[in-house]
Amino acid sequence: MQFASRTGVIPCNQALDQQMTDPQPEFQPTVGIAKDIAPGIRRILAPNPSPMTFRGTNTYLVGEEEIAVIDPGPADGSHLDAILTACAGARLTAILVTHAHLDHSPLAGPLKEVTGAPIYAFSDAFGGRSAIMKELAAQGLVGGGEGVDAEFQPDMELVTGDTVTGKGWVLTALHTPGHFGNHLSFALANTLFCGDLVMGWASSLVSPPDGDLTDFMASCRMLRETPWSVFYPGHGAPITSPAERLDWLLAHRLARETAILTALKDGPATCAALAPRIYTDTPAALLPAATRNVLAHIIDLHGKNRVEPEGALTAAAKFRLT
């Protein structure tokens, strides 16, 4: 069976602010080697580093005799071999996918073929979208993210509160859209596998129509209500102060919102025109990513009746303060 690793190269939001520094120099896991990170939890780093995926995708193995794999990762044969090697002597009983981006879900199918374990997720790649995101997608707004695994299809769909169990573990699903419509997080007691919703090395990408800033803020606020001990993200090191990180993400987005509203006081503008005024130190090559970020905020502000388009709501429209 042959695979090729497929990852996006559009920089994440943190790259818009922080160009040349390494945000987590101490995080240097070895690709393909299962590492114990907590009792009953191991992590395997996939071989897909990029500006979007940092060191690569974190695949997590929960359990000892019966194992759940969380985010099997990109379609890469060596990573499949690494997962199977790590599961040797045990039984893989569940494959859980946080969301259907190309760096998280494509290996789920091949892993199921080899092991027979069912695939659990919220939905196919297009579930969980808000009405406005469905409308924008119908208009042809696509791209701007890691790439969608359009063929992804789970065997079992999960909603908030549903559980997947194995010997020695219970994982509880939480629907946490924002980075992606079908995004799930998985709770193991007070530990959370948070996918790409929250990361310590970057502010998560929110790129419409796959990403929805209104949902992102709601998901972060919902998670803030629980006293989590640690977050295990889809990329980068564990987040050992989850409440502090959630507060930072919320404040960061609110600061961007304020900057956009301030810029619009000078008159109507498109997202493309607003981006260089807000991301003043961003190189020209990164302005398309910055424009996507502005669009996410504009759609959120439109939903709160703070801005309105001149004409139809499209990615290219001019927006003004209401």
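Every number in this text was worked out from the coordinates using simple rules, so none of it is lab data. The structure presented is a predicted model; accordingly, all values stated were derived computationally and were not measured. FYI the Cβ positions are ideal-geometry reconstructions off the backbone, even for glycines, and counts take in every protein chain you see.
Tabulated data for the structure shown
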quantity	calculated
Rg to Rh quotient for the range 95-211, alpha carbon positions, Kirkwood Rh	0.97
Residue among SER130, PRO238, LEU96 farthest towards the positive dipole end of the chain, charges placed on Cβ	SER130
P(r) tail fraction, the range 210-322 - alpha-carbon pairs more than 20 Å apart, %	47
Estimated inter-spin distance, VAL142 and ASP36, nm [label 7 Å along Cα→Cβ]	4.7
The range 263-300: trypsin sites (Lys or Arg not before Pro) in DSSP loop, at most 12 other beta carbons within 10 Å	LYS265
For the range 26-51 versus the range 222-254, the gap between their alpha-carbon centres in whole angstrom	20
Contour minus Cα-Cα distance for VAL170 and GLU244 (0.36 nm per residue)	24.0 nm
Nearest-0.05 FRET efficiency for GLU225 and ARG277, computed from C-beta distance (R0 30 Å)	0.25
Length released on extending from THR322 to THR163, taking residue separation times 0.36 nm less the Cα-Cα span	52.8 nm
Extension gain from ALA285 to GLU26, taking 0.36 nm per residue of separation minus the Cα-Cα distance	90.4 nm
Total formal charge among the other residues, if their Cβ is under 12 angstrom from that of CYS220, Lys/Arg +1 and Asp/Glu -1	+1
In nm, spacing of pseudo-spin labels at GLU151 and LYS265 (7 Å Cα→C-beta vector)	5.2
Dimensions (Å) - the range 13-251, Cα atoms, principal axes, largest first	47, 38, 33
Highest-first arrangement of 49-61, 161-173, 117-129, where packing means the average Cβ count within 10 Å	49-61, 117-129, 161-173
Max mean-square fluctuation residue, GNM over the chain, Cα-Cα springs under 10 Å, options ALA138, ALA34, ALA269	ALA138
